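Below is one structure, written out as structure tokens; the observations come after it.
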């Protein structure tokens with residue numbers, strides 16, 4: 001084990017000089033008030049310290065400061081839009097480190113509509129990427145709540161999911177090539193825009209989802225799709241998660257790949273939304289236990305999309321799967337339905353703290369999972385309220401536990417570890433994942449070790465050591 | 001460097017005893033005539049020797065013999081259907097090794113139509129997997145020429161491509177989870193059937209495409225899709241690869257994800273097919289420089305698919321992109337059009353040897369690539385004939401060079417290295433891949449080193465050493 005410098009190490013002076021020489025003095029932040037926005041995560045759960053916040057604007061500048069870090073054994077915390085929900089981009093204590101922000105690496109390098117690809121730097125905001133695609137009559141399908149501030153580099157490092165995974169896959173499936181600065185400060189140019197390439201190990205997918213622990217993604221070639229002619233949205237009321245699963249099968253049979261969204265929302269979710277955002281309207285005359293938001297992306301026309309929905313819903317009524325349904329007849333009506341879904345996280349904030357889980361199980365087991373886990377939680381915490389919603393089409397639930405009516409939220413949060421144990425043990429029994437789309441970061445690193453096999457953890461550690469022998473990259477995260 | 005045993009090493013006796021104890025004596029082949037089918041590749045280009053051919057029938061048996069190999073430092077050559085086009089499953093000389101055939105590991109462990117997944121062992125033949133899916137009204141989309149004899153383990157180890165990649169991706173994109181026996185003889189159970197899982201490094205995609213050099217894939221969870229209601233095929237005559245690319249854009253705009261096949265065939269390809277298979281008919285009244293086979297998979301009906309094709313072709317005629325077109329009006333007519341495409345490799349065999357390349361470039365650059373590379377080849381080898389065909393929708397061409405009319409095929413093949421240099425240098429200039437869907441194996445290992453950067457090769461070697469420190473797994477391939 002080599003000695004690792006602490007924050008007070010005197011060599012940091014010459015290290016910062018190297019950084020200033022590489023980036024210019026204004027892009028090496030060392031004053032507390034300048035560094036502060038980079039040192040605390042979005043949800044204000046984690047804080048750390050750093051010798052400096054580095055703001056390179058080119059890949060070569062990234063490589064230069066990484067070489068300086070390598071020479072001085074300074075740890076590196078890569079950061080994009082600082083929207084991690086797991087403290088993945090916040091320094092941990094006890095290690096001399098820098099935050100390396102990619103936000104000035106924000107150029108769209110190339111767009112190739114005929115190849116359906118766009119080459120972007122890591123700091124490009126997701127929404128900017130969506131807009132650039134749209135200007136060329138193309139779709140970049142990755143879409144999630146933080147899209148106005150998260151970066152594509154962060155999306156790739158955490159293999160972000162969101163609402164269009166059912167059809168288009170996660171960030172991983174949308175990426176064809178990467179440019180990466182290695183922990184040694186070398187540049188790997190893997191910016192290939194190819195649909196087929198079998199010339200060696202899949203390094204691309206190793207860096208995707210590694211949360212900055214193996215190297216720094218500086219640019220990527222992302223896939224684009226022809227923009228669909230129309231998007232049509234519907235909301236269906238169903239009696240149970242099991243009925244929602246039957247609707248999913250039926251919808252896939254009727255719409256095939258045109259089905260691009262399938263979101264489950266429990267009654268409590270929509271109650272909270274309409275309680276805290278009374279301008280949003282629950283569209284059914286009676287309350288139902290569950291609602292499903294469906295989206296079709298039609299290559300033909302809006303009328304064709306609506307006709308597909310109508311045929312599908314008719315079959316669903318006849319089969320007794322659906323209790324009620326509305327198909328949006330305008331963009332405004334579609335927006336109104338999506339608003340219900342998108343306001344669930346905001347309504348939770350208004351309602352008070354709860355204990356959140358971002359989990360996935362095989363789609364076929366979602367209903368059994370909910371039933372079994374709800375029962376265990378009720379047994380341990382009678383009256384606790386389930387705010388269960390999410391991407392049912394991907395088997396991915398945001399399975400959040402609120403205190404019983406009238407119970408103090410902070411007092412209930414003291415049960416977080418016990419609640420996590422019940423939920424994650426259940427996820428494990430159902431062959432699921434304790435982190436479906438948010439990554440591990442600091443939040444779930446220890447928890448992950450509980451459920452992963454020694455064989456898998458051993459291979460992860462071997463790869464970490466092989467690519468980052470000095471353990472410089474984002475310490476305290478993932479492995 | 002530790003000493004590596006040679007074929008004559010006396011310790012092989014006790015090693016074979018361990019294998020016989022693990023598998024039973026009849027599943028350890030040591031007689032030359034028993035081993036022989038496993039020691040030469042499909043195309044009879046490569047031959048090697050092995051102490052034994054091992055035929056385990058369970059994952060535990062695989063692990064047991066790998067542990068024996070590990071203890072005795074015997075190299076392991078995993079083999080599926082022995083259909084590699086690159087010598088990837090044939091032993092190299094100079095190293096004591098065994099062939100480990102997965103063909104008895106051929107159970108379908110589970111099929112979950114609601115989760116749209118199937119769990120299969122490595123030795124399941126691709127066609128059996130397709131059939132099992134079909135029996136549950138599901139589609140397993142991977143499809144390629146060798147599907148009657150290749151195995152899913154080999155498909156995954158080489159990240160196989162084929163004719164449906166345009167819509168469904170390569171073998172990689174069709175896999176959700178793996179079971180792997182590591183080079184230490186441990187079993188990694190990564191058989192997760194999840195659409196979202198961000199709990200650590202992507203080991204799955206590291207083993208996929210590694211051609212058995214990092215471990216042995218013993219089972220996999222593969223994605224299924226709802227079976228489309230109808231498949232409709234069309235053949236379009238175009239004047240140039242550039243026009244074919246324009247047709248691709250237009251087809252994607254009209255059909256979106258329903259466009260599942262887009263295959264280019266040069267005039268010479270179809271001339272050879274009709275010359276050697278006169279029962280197959282070229283469907284156009286006049287010869288055209290290029291033809292494109294298109295396939296739509298429609299979730300609605302055959303009539304709807306044909307209507308989409310008709311609208312598309314009408315627009316293509318009006319835009320001057322297409323010179324002539326036929327839309328198949330029956331399954332028989334569809335079959336006849338696909339027969340033209342599928343008989344190209346067979347017609348080449350009849351015509352005599354040629355120099356083959358399995359390359360990919362960005363789709364937008366295919367026409368420029370063909371033009372520039374054809375010109376260079378004509379300059380170097382005047383009169384050489386280009387048998388160019390393949391998966392244009394993926395930028396993947398089988399770019400094969402036949403001798404000029406009347407020139408002896410074997411004499412022309414003496415130019416193979418010079419031809420490869422011209423073609424691969426050109427691929428490299430166009431940002432392409434010298435192995436799109438066949439892998440590297442023995443055939444392209446050296447060639448790959450010429451074009452990969454030192455940074456990339458260095459990371460590949462670091463990973464190889466980290467996971468297989470004794471270099472037991474499939475030596476002489478990939479790295």
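The values are calculated or read from the model by the stated rules, or taken from the named source; none is laboratory data. Just so it is clear, the model here is predicted, and its values are computed rather than measured. So basically every Cβ, Gly included, is an ideal-geometry build from the backbone, and we count neighbours across all protein chains shown.
Laid out as a table, the results:
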item: Failed criterion for residue A:244 (all others in (1) more than 10 Å from chain B (Cβ to nearest Cβ); (2) part of a strand (DSSP E or B) hold); result: (2)
item: Residues satisfying the stated conditions in segment A:81-105, i.e. within 30 Å of residue B:395 (Cβ to Cβ) and in contact with a strand residue (DSSP E or B) (Cβ under 6 Å, 6 or more places away or on another chain); result: A:105
item: Residue that is buried (at least 21 other Cβ atoms within 10 Å of the Cβ) and outside the structural domain of residue B:163 (by the TED database), where the choices are B:391, B:409; result: B:391
item: Checklist (1) outside the structural domain of residue A:395 (by the TED database); (2) outside any helix (DSSP H, G or I); (3) surrounded by 23 or more Cβ atoms within 10 Å (Cβ to Cβ) applied to residue A:236, failing item; result: (1)
item: Residue within segment B:266-280 that is part of a loop (DSSP other than H, G, I, E, B), more than 9 Å from chain A (Cβ to nearest Cβ), in contact (Cβ under 8 Å) with a residue 40 or more places away in the chain and more than 24 Å from the chain's Cα centre (by Cα) present; result: yes
item: Odd one out for residue B:250 among (1) in contact with a strand residue (DSSP E or B) (Cβ under 9 Å, 6 or more places away or on another chain); (2) modelled with pLDDT of 95 or more; result: (1)
item: Residue A:260 touching a residue at least 40 places away in the same chain (Cβ under 8 Å) and within 7 Å of chain B (Cβ to nearest Cβ); result: no
item: Output for segment B:294-336, where each listed residue is within 9 Å of residue B:232 (Cα to Cα), in a strand (DSSP E or B) and more than 13 Å from every other protein chain (Cβ to nearest Cβ); result: B:294, B:295, B:327
item: Selection count, segment A:159-193, where residues are within 19 Å of residue B:360 (Cβ to Cβ), within 8 Å of chain B (Cβ to nearest Cβ) and buried (at least 24 other Cβ atoms within 10 Å of the Cβ); result: 1
item: Any hit, segment B:452-471, residues being touching a helix residue (DSSP H, G or I) at 6+ places or on another chain (Cβ under 6 Å) and either more than 7 Å from chain A (Cβ to nearest Cβ) or part of a loop (DSSP other than H, G, I, E, B) (or both); result: no
item: Residues of segment B:359-417 satisfying the condition of being at positive phi and within 11 Å of another protein chain (Cβ to nearest Cβ); result: B:390, B:395
item: Number of the condition not met by residue B:437 [criteria: (1) farther than 19 Å from residue B:345 by Cβ; (2) in contact with a helix residue (DSSP H, G or I) (Cβ under 9 Å, 6 or more places away or on another chain); (3) not in a helix (DSSP H, G or I)]; result: (1)
item: Selected residue (criterion: farthest from residue B:392 (Cα to Cα)) from residues of segment A:196-211 that are touching a strand residue (DSSP E or B) at 6+ places or on another chain (Cβ under 9 Å) and facing chain B (nearest Cβ under 7 Å); result: A:210
item: Options B:478, B:366; residue that is in contact with a strand residue (DSSP E or B) (Cβ under 8 Å, 6 or more places away or on another chain) and either more than 27 Å from residue A:184 (Cα to Cα) or in a loop (DSSP other than H, G, I, E, B) (or both); result: B:366
